[in-house]
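Have a look at the structure below, then the notes.
The values are calculated or read from the model by the stated rules, or taken from the named source; none is laboratory data. Because the structure is predicted, anything quoted here is derived from the model rather than measured. Here Cβ is always computed from backbone atoms with ideal geometry, including for glycine, and neighbour counts include all displayed protein chains.
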Amino acid sequence: MPKITDITLQRSGPAAREIYSALRHRIMLAELMPGTAISEVQLSEQLGVSRTPVREVFRRLADEGLLRIVPQVGTFVAPIQLRAVYDSQFVRETLECRTIVLATANMNVRAADELQDLLTLQKRAIRDNDLERFFDADDRMHTYLIGLGGYPAIWDLIQGVKAQLDRVRYLSLESGDWLNRIFEQHEVIAARVIEADAAGAEAAMREHLQSVFLTIERLAVNKPELFEGHLGQQSSAKSTP
């Protein structure tokens, strides 16, 4: 089992909460790849805690589709579920393409400045080759646009369904060219919103979100062991004009 040596429990709250956050983070960032075995006994020993909070974390992550517990065999990082990826992408596309239209109606100088600041954060992350920082800035931009559309709670709904999609996004960010492509798409989206071009903003957002299909197809062909399910199950929204 990979030794997770950089987890430091603060002991300021429930151990399960800290272990959950740290372990989930490593799975999402593909530091723990699908198929990796994780021992309840070894992890509890590494962290100096009883097996109870570790077992609780394993069950919670299994419920989220991030771990797979096989009785009498062991616990493993679960493969990326293609069906869940397609479902979560459909949710994002449906909600974000609607809210960005509303965002254009609420555009003002302050919002334009905020979007430019968020683009600057992404550009710096690319310069520093900091994938995690770019991923965070990416999410912050989408969160801001949804809030600008007047429905900030929608991001919470999206967060609740996009775990498998985020795993694909992190794997895709390993390519420097892909980072630049995403950034260029964000620049177009921001420009359309700032111009209050509702149709243009919606089209740019749809194209941006649908680009995940190319990533899925490339990764599933090159690294089939990371996935479970079948390609080509995406929603009909892919062909929506």
- Message: With the structure loaded, tell me whether residue 168 is outside any helix (DSSP H, G or I), β-branched (Val, Ile, Thr) and over 20 Å from residue 202 (Cα atoms) or whether it fails that test.
- Response: no
- Just one of (1) over 20 Å from the mean Cα position of the chain (by Cα); (2) within 16 Å of residue 226 (Cβ to Cβ); (3) buried (at least 18 other Cβ atoms within 10 Å of the Cβ) trips up residue 27, so point out which. (1)
- Some residue of segment 67-89 being closer than 26 Å to residue 191 by Cβ and part of a helix (DSSP H, G or I): yes
- Working only within segment 49-59, note down all residues that are crowded, with 16+ Cβ neighbours inside 10 Å and within 25 Å of residue 225 (Cα to Cα). 57, 58
- Message: Just checking, does segment 178-187 include any residue being out of contact with any Phe, Trp or Tyr (no Cβ under 9 Å at 6 or more places or on another chain) and either in contact (Cβ under 8 Å) with a residue 60 or more places away in the chain or in the same structural domain as residue 34 (by TED's automatic domain parsing) (or both)?
- Response: yes
- Query: Just wondering, is there one or more residues in segment 150-167 that are acidic (Asp, Glu), within 24 Å of residue 31 (Cβ to Cβ) and either in contact with a Ser or Thr (Cβ under 9 Å, 6 or more places away or on another chain) or free of Cβ contacts under 8 Å to residues at least 40 places away in the same chain (or both)?
  - Reply: yes
- Query: Restricting segment 34-48 to residues that are in contact with a helix residue (DSSP H, G or I) (Cβ under 7 Å, 6 or more places away or on another chain) and closer than 23 Å to residue 169 by Cα, which is surrounded by the most Cβ atoms within 10 Å (Cβ to Cβ)?
  - Reply: 34
- Note on the structure: Within segment 109-147, the count of residues that are surrounded by fewer than 16 Cβ atoms within 10 Å (Cβ to Cβ), β-branched (Val, Ile, Thr) and touching a residue at least 24 places away in the same chain (Cβ under 8 Å) comes to 0
- Note on the structure: Listed by first then second residue, the pairs whose first member lies in segment 34-61 and is outside the structural domain of residue 162 (by TED's automatic domain parsing) and among the acidic types (Asp, Glu), whose partner is modelled with pLDDT of 90 or more and exposed (fewer than 14 other Cβ atoms within 10 Å of the Cβ), with beta carbons under 8 Å and at least 6 positions apart or on separate chains, are 40/51
- The residue that is surrounded by the most Cβ atoms within 10 Å (Cβ to Cβ), considering only those in segment 148-205 that are of a type in the set (S, T, N, Q) and out of contact with any strand residue (DSSP E or B) (no Cβ under 9 Å at 6 or more places or on another chain), is 172
- Scan segment 213-228 and give yes if some residue there is part of a helix (DSSP H, G or I), more than 19 Å from the chain's Cα centre (by Cα) and of a type in the set (A, V, I, L, M, F, W, C), otherwise no. yes
- Task: Considering only residues that are outside any loop (DSSP other than H, G, I, E, B) and under 13 Å from residue 92 (Cα atoms), look in segment 145-162 and name the one that is nearest to the chain's Cα centre (by Cα).
- Result: 159
